[in-house]
Amino acid sequence: MKISILSDIHLGHALGTERENDPFDVLEEFLEKNIDSDLILLAGDIFDSRSPRTDVITRAMKLFLKPLLSEKKIKIADGIGKDISQLSPMHSMGIPMVAIAGTHERRARSLINIIEALEQAGFFIYLHCNGVVLEKNNEKVCIQGLSGVPEQFVESVLKEWNPKPVEGCVNILMLHQNLMEFMYAKEGLNLSHLPKGFDLYVSGHIHNPQKKKLGKGMLLICGSPVTTQLKEEETKEKGFWMFDTQKTPKLNFAPFESARKVYIKSFTSDTKIEKIIKEIEKILSESHRKKPIIKIGISGKQAEIPTKEILAEFEDRAIIYFKKDFEEDEKMPARPLEEHKLSVQELGRKLLIQNLKEMDLEPEVFENIFELLAEGNADKVMELLNKKSEKAQSSEKQT
C-alpha cells in the first residue's frame, strides 16, 4: 500500500504578501505527484488560522477535490471509536484523506474546527482520539490520530485514550504536539510516553523534517513545506514523505520543486556593503523557480546600514529581510503584526492557566473560555460559566 504524508501546509499564511501562494503551490504539487497513491495522511496545521477566510477555504477545497475524483483503490473497512456509517458518501470516492487538526486549527471544545467541517463536507476523515481501518487486496492499515491539544494536557489525554495497535494491520499513529527530544519547550510529550507497538508514528508541528527508529517502528517528523519562521532549519530542503508497506526502505523523502528556498547569512556591522551585495549575488546566481528568501543578520556596534538601497536593488529577484542586533540597541526587534497577536494570546493563556492552578481550579475548562474570548464568542462563554456555576451549586447542596 502506498501512503503519501504531508503536514503543516499552513494554507492562508502570509496573506497579502507575494508569498501567499506558496502553501497552495506546494499542496497542488503534492496532490499531483501523489495521484497514484492509495491513501493520503495530513498531520495537522493544514490551515494557518482557526477560522480561515472564505477564499482560503474555497481555494483549498478546489485542490482537495482532485484526489476524490481519482481512481479508487482502497476501502474504509472499519472504525476504531469512530462510526464510519456517519461518513459522507464522498468518502467512498477516490483517494481517502485522513487528517488531524493541529495547533493552528484547534478551537474550544464546543466549537467545530475547520478539519471537522471539511469531514462533514466529505473531503477528510477527521481523527481525534479515534481511528479507521482501510483495506486493499486483503492488506489492512489502521490509522489512529490525536489532534493537537494544549501541551499541558497531552499526557493525560493520551493516557486516557490509550490507543493500541490492531492485530493484522499496519499500524500508524498520528499526532501534532511538541516532542521534547526534538525541540526546546517547557511542556510537551516525551517519546517514552508514546504508546508502544505502532509501525509508524507520524508527527506534525515541528517544521524540521526528520526520522528515527522508535522501538520496532519508525518515528516520522513530517516538517513543513512553507516558511513561517526565519530560523536555521528553514534552510533545509522541503518535501513530502512516502510510506510504502511493500518496499524497503518503507519511508522515503521527496523534495518539492515549488517550495521557496531560504538562505540565512550573518555579518558584523563593520562588514563592507560590497561584501553583503556580493553574497546576495552569489545566491541569485543559482537556479531559483521562485524568488528566494534571504535573511541577513547584522550584529556588532551600532552602524548605518543602507538596507533600503539593498532592498530596492534586489526587490525583483529576492525577498530580503534584515535583522539588526546591535550592542547599543535595546529596542525590541520588529516583528510582524500577526506574530505579536499570537504572542499576546499565548502569554495570556499561560498566565491564566498558571493562576487557575494556584487557585485549585480547572485549567482545561478555562482554556476553552480563553479561546472563546479570543474569538469574540461571549455568548458561549456565558453559557459555559453558567453551566459550571449550576454544577458547583448542585454539588454544594448535595454536600
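In region 54-68 there is no residue that is buried (at least 20 other Cβ atoms within 10 Å of the Cβ), of a type in the set (A, V, I, L, M, F, W, C) and in contact with an Asp or Glu (Cβ under 7 Å, 6 or more places away or on another chain).
Could you list all residues from region 252-292 that are assigned to a strand (DSSP E or B) and either loosely packed, with under 12 Cβ neighbours inside 10 Å or in contact with a Lys or Arg (Cβ under 6 Å, 6 or more places away or on another chain) (or both)? Listed by number, the residues that qualify are Pro255, Ile264, Thr268.
For region 240-252, a residue qualifies if it is touching a residue at least 24 places away in the same chain (Cβ under 8 Å) and farther than 23 Å from Ala101 by Cβ, and the qualifying residues are Met242, Asp244, Thr245, Gln246, Lys250, Leu251. In region 186-201, the residues that are farther than 15 Å from Lys216 by Cα form Cβ pairs under 7 Å with partners that are modelled with pLDDT of 90 or more and in a loop (DSSP other than H, G, I, E, B), at six or more places apart or across chains, as follows: Glu187/Asn178; Gly188/Gln177; Gly188/Asn178; Leu189/Gln177; Leu189/Asn178. Residue count for region 298-314 under the criterion of being basic (Lys, Arg) and either touching a Lys or Arg at 6+ places or on another chain (Cβ under 9 Å) or part of a loop (DSSP other than H, G, I, E, B) (or both): the result is 1. Here Lys196, Lys212 are screened, and the one residue that is touching a Leu at 6+ places or on another chain (Cβ under 6 Å), surrounded by fewer than 15 Cβ atoms within 10 Å (Cβ to Cβ) and over 24 Å from Thr17 (Cα atoms) is Lys212.
Starting from residues that are among the hydrophobic types (A, V, I, L, M, F, W, C) and more than 18 Å from Leu63 (Cβ to Cβ), keep the ones in region 121-135 and report whichever is nearest to the chain's Cα centre (by Cα). So that I can check it myself, show each step before the final result.
First pass over region 121-135, keeping only residues among the hydrophobic types (A, V, I, L, M, F, W, C): 121, 123-125, 127, 129, 132-134.
Filter once more, so that each one left must be more than 18 Å from Leu63 (Cβ to Cβ): 127, 129, 132-134.
On the way: Leu127: 15, Cys129: 18, Val132: 21, Val133: 24, Leu134: 24 Å.
Among those residues, the one meeting the criterion is Leu127.
Being among the aromatic types (Phe, Trp, Tyr) and more than 13 Å from Pro292 (Cα to Cα) is the filter here, so list the residues in region 250-278 that pass it. Once the filter is applied, which keeps residues that are among the aromatic types (Phe, Trp, Tyr) and more than 13 Å from Pro292 (Cα to Cα), region 250-278 yields Phe253, Phe256, Phe267.
The residues of region 181-231 that are within 15 Å of Gly102 (Cβ to Cβ) and β-branched (Val, Ile, Thr), listed by number, are Val202, Ile206, Ile221, Val226, Thr228. Within region 123-157, the residues that satisfy the criterion of being modelled with pLDDT of 95 or more, farther than 28 Å from Ala185 by Cα and part of a loop (DSSP other than H, G, I, E, B) are Phe123, Phe124.
Taken over region 224-256, the criterion of being modelled with pLDDT under 90 and among the aliphatic types (A, V, I, L, M) is satisfied by Leu230 alone. Contact map, region 212-226: residues that are in the same structural domain as Gln177 (by TED's automatic domain parsing) and assigned to a loop (DSSP other than H, G, I, E, B) paired with residues that are among the hydroxyl-bearing types (Ser, Thr, Tyr) and at pLDDT 95 or above, Cβ distance under 8 Å, separation 6+ or inter-chain. Pairs shown: Cys222/Ser7; Cys222/Ser203; Gly223/Ser7; Ser224/Ser7. Out of Leu158, Leu175, which single residue is touching a residue at least 24 places away in the same chain (Cβ under 8 Å), within 24 Å of His207 (Cα to Cα) and within 18 Å of the chain's Cα centre (by Cα)? After applying the criteria, what remains is Leu175. The helices (runs of 4 or more DSSP H) located wholly in region 2-120 that include 2 or more residues which are within 14 Å of the chain's Cα centre (by Cα) occupy 22-33, 114-120.
The values are calculated or read from the model by the stated rules, or taken from the named source; none is laboratory data. Please read all numbers here as calculations on a predicted model, not as lab measurements. Cβ coordinates were reconstructed from backbone atoms using ideal geometry, including for glycine residues, and neighbour counts include every protein chain displayed.
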